[in-house]
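Taken together, the values in this text are just the output of simple stated rules run on the coordinates, not laboratory data. Since the structure is predicted, the reported quantities are computational estimates derived from the model, not experimental observations. Here the Cβ positions follow ideal geometry from the backbone for every residue, glycine too, while neighbour counts run over all protein chains shown.
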Amino acid sequence: MTEQDLYDAQASNRRPAVSFGHTVTPVCLVTPLALGDSEENNVEDFEGHSLYSRDLLSALRKKWTISVVANQTSKAGPGEPGVYRVWKPGFQYPFRMLRQVVKTHAKVVHFERLGPTVFGPYFTVPFVPFLALVLRLLQKRVLVSFSDVVDVDKVDPAFLRAFQSWLHAPALVRIGLTYFYFFTGKFANTIFTQTRNSRVVLQRKYRIDSAKVKLVPLSGPAPNLDLSTEPAKKVLGLEHKKVLLFFGHLAPYKGLEALIEAQAIVQNHRPDVTLVIAGGNHRRIHDDYLGRLRDLAREKEANVRFTGYLPSESIPTVFSAADIVVYPCSSIPGSSGCVNLTKQYGKPLVTTRAVAKEEGIAHLLDAYVIPEASPSLIAAAVLKLLGDDSLAVHLCNNLARTSVPIDIIADDISSTYQRLLA
């Protein structure tokens, strides 16, 4: 998305020229999340990207009547008009999706928040390009929003170790990723990416036509700021504490061991500091990784509070309570939901060079950027920000300015729908 795109989207209120009913709609959104889903009903529990999906769908529905093809779970309720819970992760999902998309008679099919394993395990990676091809043969317009774009030449070993399986042998991963991105890109009419780096990877590594690829950054609605920092801390039982926050899925490549060890260092200098780790195990991690992190915190005698997964209504409280957000990932294949929420809530951020490169963040301009997830480096950055209020305010203000309102994102996506329908 260029500055001109943002200006055009903000300056106009794009709406479809024709009103459509619920049974036949121009757009079908295929997503892991359906409007109104509870935490238990999602393919992934609530975290930054899931919140974005929910908020984007809500914003788009102000402009379009959209059929939603969503995941089917045993706990799913009766749903609502226009939402079809027809697929589950596994072998049959592309066929169930295809059948429902055909029933809606939609002309544009938008795969929202797509990654290699969003809809199923690794052996189903070939299904998405196949599904895109069939839809094109049926004369549908296919729009793909990639949530993850992994550079096939830079697959982080820590990322692979997080999901132990023979399917993650480096050679198989490279073959699978190349197939997935190359053929999905070939069959799609338009591709959205969330970061400039992801767009470059698609063009250079996977040879996707640059004319197809458009930047649509991660965003969200104006945050709930009913609670200021100190009242939010009181709700969490952390009055008069300085709060460090990590938010998101828990996985080894996210630098959490280093973060816990850094907390042990920080509290030796600042006993009033507590680290809050908000999130649960990534759904593809089968061992008790959260338990191992708890054991490490006890071993280091670190002041750490683990919340597990949070319901969406609790997220404003933990972000409002945070004095500093720390996101020490060693690898990131797309925009971070945690970083996006940090922008929205106006908090100073400590992160790694890998995240900064993907997000387009500059050291000492938008965030405090460290070379890697090292306990000593994290601790030094945190202590620096705790001791320099002017720097902390400078960083969080600059980072907040990079956030794009969700309504502008929805306007830009709406204009793409109109172009594809023309």
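Here the peptides 326-333, 237-244, 413-420 are ranked by packing, the mean other Cβ count within 10 Å, and the order with the highest first is 326-333, 413-420, 237-244.
For segment 229-401, the share of DSSP beta bridges that are antiparallel, to the nearest 5, is 5%. Karplus-based coupling profile of segment 115-126, in residue order and whole Hz: x, x, 10, 5, 9, x, x, 5, 5, 9, 3, x, with θ = phi - 60° in 6.51 cos²θ - 1.76 cosθ + 1.60 and x standing for Gly or Pro. Net charge in the neighbourhood of Glu299 (other residues with Cβ under 13 Å of its Cβ; Lys, Arg +1, Asp, Glu -1) is 0. Let me know the shape class of segment 229-365, please: from the alpha-carbon gyration tensor, a ≥ b ≥ c as square roots of the eigenvalues, rounded when a/c is under 1.5, otherwise prolate if a/b is greater than b/c, or oblate. Rounded is the answer for segment 229-365, as its axis ratio a/c remains below 1.5.
If a spin label sat at a point 7 angstrom from the Cα of Ser210 along the line to its beta carbon, the backbone N atoms of segment 187-202 nearer than 11 Å would be those of 200.
What is segment 334-405 by shape, rounded, prolate or oblate, if you read a ≥ b ≥ c off the alpha carbon gyration tensor as root eigenvalues and call it rounded for a/c under 1.5, prolate for a/b larger than b/c, and oblate otherwise? Don't jump to the answer; show the numbers that get you there.
Details: a/c = 2.02, a/b = 1.19, b/c = 1.70.
Note, shape of segment 334-405 comes out oblate.
Taking 27 Å as the straight-line reach from the Cα of Lys88, the lysines in range (excluding those fewer than 8 positions away in the same chain) are Lys75, Lys103, Lys107, Lys140, Lys186.
Taking 16 Å as the straight-line reach from the Cα of Lys234, the lysines in range (excluding those fewer than 8 positions away in the same chain) are Lys242. The calculated FRET efficiency for the pair Lys103 and Val393, based on their C-beta separation and a Förster distance of 60 Å, comes to about 0.65.
Across segment 216-274, Cα pairs under 8 Å and at least six residues apart give a relative contact order of 33 percent.
Pairs from the table (Lys241/Lys300; Lys154/Lys212; Lys154/Lys214; Lys233/Lys347) lying more than 21 angstrom apart at Cα are Lys154/Lys212; Lys154/Lys214. Positive-end ranking of Val382, Ser330, Ala278 along the dipole of segment 229-401, with charges on Cβ about the Cα centre, is headed by Ala278.
What order do you get for Phe192, Phe127, Phe247 when you list them from fewest to most C-beta neighbours inside 10 Å?
Details: Phe192 28, Phe127 18, Phe247 25.
With the sparsest Cβ surroundings first, the list reads Phe127, Phe247, Phe192.
Mind giving me the FRET efficiency for Phe91 and Gln139? R0 is 25 Å, r the Cβ-Cβ distance, nearest 0.05 is fine.
Values: r = 26 Å, r/R0 = 1.06.
Efficiency, rounded to the nearest 0.05: 0.40.
Distant-in-sequence amide contacts of Val69, defined by a placed amide H-H separation under 5 Å and a gap of 5 or more residues or a different chain, comprise Leu29, Val30, Thr31, Tyr84.
For Ile408, Ile66, the sequence from fewest to most other C-beta atoms within 10 Å is Ile408, Ile66.
Taking loop as defined by DSSP and a crowding limit of 16 other beta carbons within 10 Å, which trypsin sites (Lys or Arg not before Pro) in segment 277-347 fit? List each step's numbers first, then the result.
On the way: sites: Arg283, Arg284, Arg292, Arg294, Arg298, Lys300, Arg305, Lys343; in loops: Arg283, Arg284.
In loop regions of segment 277-347 (DSSP not H, G, I, E or B), the sparsely surrounded trypsin sites (Lys or Arg not before Pro) are Arg283, Arg284.
In plain terms, the residue of Thr317, Thr274 with the fewest other Cβ atoms within 10 Å comes first and the most crowded comes last, giving Thr317, Thr274.
Counting Lys +1, Arg +1, Asp -1, Glu -1, what net charge surrounds Val276 among other residues with beta carbon under 13 Å of its beta carbon?
Working: positive: Lys233, Lys241, Lys242, Arg305, Lys347; negative: Asp323.
Net of charged neighbours comes to +4.
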